[in-house]
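Trainee: Have a look at this one.
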Amino acid sequence: MRKSGAAISIIPLAGVALGVILLLAACNYRFGGYREGYKEIQSLSIPPFENRTRQVGIEALFTNDLVYEVGRGDRIALTDHASADAVVKGVIKELQTNTISRDNINTALERRVYVTVELTVKDRKGDKVWGQKIRENEAYFVEPDKVSSEGSLREALEAISLRIAEKFHYRFTQRF
């Protein structure tokens, strides 16, 4: 007899939940993830990033990864500056490395690199329509020779660059 009583008490709860959902839908309520989009932006131009760090050449890496990420999506076309609806300006603001493990007081075994990139989207009139600073980090091993360590750092920067490009693409296009 108790089992049937438990089943009966679930039915009113389901009815209440359905009522709340219908009430929210009737009020045109939207959950927090919804935002009005940039419907007027159908194409972007992505000029080379500005590099304000001492790490030579990373501006090409970050620019190329952003071009690749936006280009592989289907929501925005990539085009030249003259015909673009908006332009993405990227500035690599900061690059820091910290030692995270040591063999001894003078020898680092592992480091973490932090990169901060500021991305701004401006429309044809020059008005800012979107902008964020994105900070990412990646650990890498310090090798006994400098050339190998630079290669490990480069791999870490490549991973960071891809993540920043993905974050930009997701955050910007989620508004469509």
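Laboratory data are not the source of any read-out in this text; all were calculated from the coordinates shown. Quick caveat, the model's predicted, so the values are computed rather than measured. Cβ atoms come from the backbone with ideal geometry, glycine included; neighbour counts cover every protein chain shown.
Trainee: Can you give me the C-alpha center-to-center distance between the stretch 107-172 and the stretch 57-99, rounded to a whole angstrom?
Mentor: 11 Å
Trainee: Here is a further query. Straight-line reach from K128: which aspartates and glutamates fall under 15 Å, measuring Cα to Cα and dropping same-chain residues less than 8 apart?
Mentor: The reachable aspartates and glutamates, counting only those whose Cα sits under 15 Å from K128, are E40, D85, E118.
Trainee: How big is the convex hull of the Cα atoms of the stretch 40-173, per residue, in Å³?
Mentor: 101 Å³
Trainee: Right, next: Would you mind calculating the relative contact order of the stretch 55-119 from Cα pairs under 8 angstrom and at least 6 residues apart, reporting the percent as a whole number?
Mentor: Once normalised by length, the contact order is 26 percent.
Trainee: Among 153-163, 47-57, how do they line up from the highest to the lowest mean number of other beta-carbon atoms within 10 Å?
Mentor: By packing density, highest mean first, the sequence is 153-163, 47-57.
Trainee: Related question: Under the Karplus relation 6.51 cos²θ - 1.76 cosθ + 1.60, θ = phi - 60°, what is the ordered set of whole-Hz ³J(HN,Hα) values for the stretch 137-150, x standing for Gly and Pro?
Mentor: 9, 7, 8, 8, 7, 8, 8, x, 10, 5, 5, 5, 5, 5
Trainee: Related question: Taking 0.36 nm per residue of sequence separation and subtracting the Cα-Cα distance, how much length would be gained by fully extending the chain between I105 and S148, in nm to one decimal?
Mentor: 13.4 nm
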